[in-house]
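Everything below concerns the one structure shown next.
The values are calculated or read from the model by the stated rules, or taken from the named source; none is laboratory data. Keep in mind the model is a prediction, meaning the values are calculated, not measured. Cβ placement follows ideal geometry from the backbone for every residue including glycine, while neighbour counts extend to all protein chains displayed.
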Amino acid sequence: MDLISPDLGLIIWQTIGFAILFIILAKYAWKPILSALEARENTIESSLYAAEKARKDMEGLVAENEKILQEARVERDEILRTANEYAARIMEEAKGEASKQGAKMIQEAKAVIQTEKEAALTDVKIQVAEISLQIAEKLLRKNLSEVPEQKQLVEEFVRDIKLN
């Protein structure tokens, strides 16, 4: 039963031991423990502040990145629009140039055809004139008094004529 109901002397000695231990701890250990706790508290507080600052910086960077991406998209769209306009302009110029070249080639071909046609007509006229002269020459050489002689002469002319 000594354990359940302690003696008055035991309580006094335990109180004196506790008081001595408290004084020693208060004099030598309490300040280092409090300063260590305070340092730890300051470290945690500065870490929380740094984490909050880093979070805000990250939010700013995310917003800035989003802004840069948007600007890049706008710039990309502008470049594509400009390239499309340039390509369309080049195609229109090429079509115009092709039309001009085609018209020029057609005009040159018509001129060549006209020249060839005139040359052919001139050649036909020359041949007709030569044939006419040959006929006139032969007619003058012969005396055409009779109809059978005329028929024979015409048949001879037809055989002699060479068409080119």
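Go through (1) over 38 Å from the mean Cα position of the chain (by Cα); (2) of a type outside the set (A, V, I, L, M); (3) in a helix (DSSP H, G or I) and name the single condition Arg89 misses.
All conditions pass for Arg89, except number (1).
Take Val128 and decide whether it is over 39 Å from the mean Cα position of the chain (by Cα) and in a helix (DSSP H, G or I). Show your work before the answer.
Details: over 39 Å from the mean Cα position of the chain (by Cα): yes; in a helix (DSSP H, G or I): yes.
For Val128, the condition - over 39 Å from the mean Cα position of the chain (by Cα) and in a helix (DSSP H, G or I) - is met.
How do the pairs read when you match residues in the range 112-131 that are surrounded by 10 or more Cβ atoms within 10 Å (Cβ to Cβ) with residues anywhere that are in a helix (DSSP H, G or I), using Cβ under 9 Å and keeping only pairs 6 or more apart or on different chains?
Pairs that qualify, where the first residue is surrounded by 10 or more Cβ atoms within 10 Å (Cβ to Cβ) and the partner is in a helix (DSSP H, G or I), are Ile131/Phe157.
A quick yes/no check of all residues on (1) at pLDDT below 90; (2) out of contact with any Ser or Thr (no Cβ under 6 Å at 6 or more places or on another chain); (3) not hydrophobic (A, V, I, L, M, F, W, C):
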{"residue": "Val74", "(1), (2), (3)": "no, yes, no"}
{"residue": "Glu85", "(1), (2), (3)": "no, yes, yes"}
{"residue": "Gln101", "(1), (2), (3)": "no, yes, yes"}
{"residue": "Met105", "(1), (2), (3)": "no, yes, no"}
{"residue": "Asp160", "(1), (2), (3)": "yes, yes, yes"}
